[in-house]
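A short write-up of the structure that comes next.
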Amino acid sequence: MKQVYAVPKSLQPQATHYCPGCTHGIAHKLVAETIDELGVRDRAIGVAPVGCAVFAYDYFDCDFQQAAHGRAPAVATGIRRVVPDAVVFTYQGDGDLASIGAAEIIHAAMRGERISVIFINNAVYGMTGGQMAPTTLVGQKTTTSPAGRELGHAGSPIRIAEMLATIPGAAYVARVSLSSPANVARAKKAIRKAFDTQLSGAGFSLVECLSTCPTNWGMAPIEAMEWLEKNMIPYYPLGEFRTPEGGASNG
Amino acid sequence: MAERKLFKGNEAVAEAAVRAGCRFFFGYPITPQNEIPEYMSRRLPEVGGVFLQAESEIAAINMVYGAAGAGGRVMTSSSSPGISLKQEGISYIAGAELPCLIVNMVRGGPGLGGIQAAQSDYFQAVKGGGHGDYHCIVYTPSSVQEMVDLTMQAFDVAERYRMPVMILGDAVLGQMMEPVVLPDPRPTDAASAGWATTGARDGRAPRLINSIYLKPDELFQHNLKLQARFEQAKAAEVRYEAVNTDDADVVLVAYGTTSRVCRSAMDRARAAGVRVGLVRPITVSPFPYQAIADVARTARALLTVEMSLGQMVEDVRLAVCGAAPVHFYGTTGGIVPTASAIAEEARKIAMAEVGK
Ligand SMILES: Cc1ncc(C[n+]2csc(CCOP(=O)(O)OP(=O)(O)O)c2C)c(N)n1
Ligand code: SF4
Ligand SMILES: [Mg+2]
């Protein structure tokens, strides 16, 4: 009988603390599969953020450091400079990366730091209970924007992938969605490309993953997936914004 | 062979760090310590090391965290406003039990303050600075030679106790030039081999560098472990110098640049017939409480001198515990106290005490 699925070796066989229907688990699996495929588990060093994924190190079966809120790219830089042949990745939420850690991500990209960044954009601060994030959509209700995010007051949501794609050191920048089997398959390809980019020495790579937070969105998992596709994808278009070959493709 | 050379304080710290095996430096420019990163940017590539100018002090200290966690012998340097920015990272480094060296060439504050020498970051350096139950080991050199010696030692101590070590200098010490004997370079040993995240190679179990313990009992145990290690440092690492304390009526207590001025003040006072001594803490964390308690038993009074409005004096009072009066003389904002003013202060105190 042909085996069609197995838990990636780079994941520890245990249940996660993520809420039912949360896409963090999908992102973990895609990263672990990539590490398995590349055979780099023994030189992979992950950096966990402050956010719902703070315990990512409990799930991945490789070395990990846990960073202060937003500082994962700086921590990864320190690791990268000490262990030149390591495969270094950060896993960061949108509050972590796009708000408090905005400077660190821009400058890691600017240096062309050979790290791969998995950026989980779920449009809220998940761990602290669903407050407004820099990625929260205009009109989206959160616990700190109870009437919906107001453009004139809080400004417009930040498009990280597009912004980082303007930086020459960012060799691979893509946005994917974890909302359907087809999109997850595309996400897998993008994460693989991000790690390939790092291994080839081309520079910094980042995959922005549109994600759901059913708990703080107040939706059932499927409803959350639908909301993501209907509301997030139009504002956050999917595609590759920068590739080592110099191309970009949307869609 | 050890060589003797004229060195500026900041550059001496940098060269000593390289000779101590430090191979990674992350920093951000700020006066009056710029000669340290500038020197490192030239010197580290020569020995196969990495100098990286970070986008901020926050990034720099977190690069230190990552590098230390990956087993690198690593340091950063800054001055007061920049050290404030590093405090979150220092707390994480302490929590994650990582060794590193942090140099603070203190300037006057608060806020942007000035760029001249001050000792007003004592509380921040000694009483934590960042959040949580932790301590750093803090050295207070008073000469360029001592900066070299303490820098060489700092990395070993940081690795022995797995905690951040700070050199608390100031603008005067960083800028002054003195002849120094530079020790021979030492190889970096693999003190981190048992715990650093370098990749789970050859079948070893994955490792983790972190500071999160959500279960209260686990955090309690973790903090007890950190505290126990600091207790060991208290027992083994306290350093100070006591001069002319045996017969002194008034004992000056001062560290760093101020202790140099106090030494001249002591000589002046003695020449004028006032019996003055000096205790100079070389570590301010752990603090030489016992040494100061001892002089308080024989001296009539103590006079703490600082380039602040009174920070270390609180520890001196704790040490003395009412056994003798503790006076304070301080200048701040970048003003170095003069030997004549300190000698005069000591004379007045001696007169008043003898007259009692
Ligand atoms: C310096 C600091 N500020 C604030 C917090 C509180 N905090 C913890 S998680 C978090 C938000 C995380 O949101 P995000 O990065 O979007 O991750 P998610 O939980 O949504 O995956 C915040 C603000 C903190 N731990 N440290
Ligand atoms: S709070 Fe949201 S992001 Fe966090 S685990 Fe639950 S669903 Fe996922
Ligand atoms: Mg989020």
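Restricting attention to region A:69-85, the residues that are facing chain B (nearest Cβ under 7 Å) and assigned to a loop (DSSP other than H, G, I, E, B) total 2. A:Q66 passes every criterion in (1) open to solvent by 10 Å² or more (accessible area, probe 1.4 Å); (2) at the interface with another protein chain (Cβ under 8 Å from one of its Cβ atoms) apart from (1).
For A:A109, state whether it is among the small types (G, A, S), under 16 Å from the mean Cα position of the chain (by Cα) and away from ligand 1 (no atom under 14 Å from the Cβ). Can you show your working first?
Details: among the small types (G, A, S): yes; under 16 Å from the mean Cα position of the chain (by Cα): yes; away from ligand 1 (no atom under 14 Å from the Cβ): yes.
It is true that A:A109 is among the small types (G, A, S), under 16 Å from the mean Cα position of the chain (by Cα) and away from ligand 1 (no atom under 14 Å from the Cβ).
Tell me which residues, restricted to region A:51-63, are facing another protein chain (nearest Cβ under 7 Å) and away from ligand 3 (no atom under 16 Å from the Cβ). Across region A:51-63, the qualifying residues are A:Y57, A:D61, A:C62, A:D63.
So if I check each of A:A44, A:A32, A:A48, which one is more than 12 Å from the chain's Cα centre (by Cα), within 8 Å of chain B (Cβ to nearest Cβ) and among the small types (G, A, S)? Write out each step before concluding.
On the way: A:A32 fails: within 8 Å of chain B (Cβ to nearest Cβ); A:A48 fails: more than 12 Å from the chain's Cα centre (by Cα).
Exactly one residue qualifies, and that residue is A:A44.
Return the residues of region A:1-38 that are in contact with a His (Cβ under 8 Å, 6 or more places away or on another chain) and in contact (Cβ under 8 Å) with a residue 40 or more places away in the chain; say none if nothing qualifies.
Within region A:1-38, A:L11, A:T16 meet the criteria.
When restricted to residues that are out of contact with any helix residue (DSSP H, G or I) (no Cβ under 6 Å at 6 or more places or on another chain), open to solvent by 10 Å² or more (accessible area, probe 1.4 Å) and of a type in the set (F, W, Y), region A:35-63 contains 2.
Could we say that A:S156 is away from ligand 3 (no atom under 16 Å from the Cβ), at pLDDT 95 or above and open to solvent by 30 Å² or more (accessible area, probe 1.4 Å) here?
It is true that A:S156 is away from ligand 3 (no atom under 16 Å from the Cβ), at pLDDT 95 or above and open to solvent by 30 Å² or more (accessible area, probe 1.4 Å).
Of all residues in region A:195-251, those that are away from ligand 1 (no atom under 16 Å from the Cβ), among the aromatic types (F, W, Y) and touching a helix residue (DSSP H, G or I) at 6+ places or on another chain (Cβ under 6 Å) total 3.
In summary, strands (runs of 3 or more DSSP E) completely within region B:118-221 and bearing 2 or more residues that are under 23 Å from B:Y92 (Cβ atoms), open to solvent by less than 10 Å² (accessible area, probe 1.4 Å) and at pLDDT 95 or above occur at B:137-139, B:164-170.
From the list A:A103, A:A98, A:A32, A:A6, the lone residue that is open to solvent by 30 Å² or more (accessible area, probe 1.4 Å) and assigned to a helix (DSSP H, G or I) is A:A103. Checked against the criterion of being within 15 Å of ligand 3 (Cβ to nearest atom), surrounded by fewer than 24 Cβ atoms within 10 Å (Cβ to Cβ), on the phi < 0 side of the Ramachandran plot and touching a residue at least 60 places away in the same chain (Cβ under 8 Å), the candidates A:P221, A:P214, A:P237 yield just one match: A:P214. Residues that are more than 16 Å from ligand 2 (Cβ to nearest atom) and free of Cβ contacts under 8 Å to residues at least 12 places away in the same chain within region A:46-93 comprise A:G78, A:R81, A:V82, A:P84, listed in sequence order.
The values are calculated or read from the model by the stated rules, or taken from the named source; none is laboratory data. Nothing here was measured: the structure is a model prediction, and the numbers come from that model. Ideal geometry is used to build each Cβ from the backbone, glycine not excepted, and the neighbour counts take in all protein chains shown. Side chains are part of the model used for accessible areas, which takes the heavy atoms of the whole protein and leaves out ligands, DNA and RNA. Shrake-Rupley method; radii C 1.70, N 1.55, O 1.52, S 1.80 Å.
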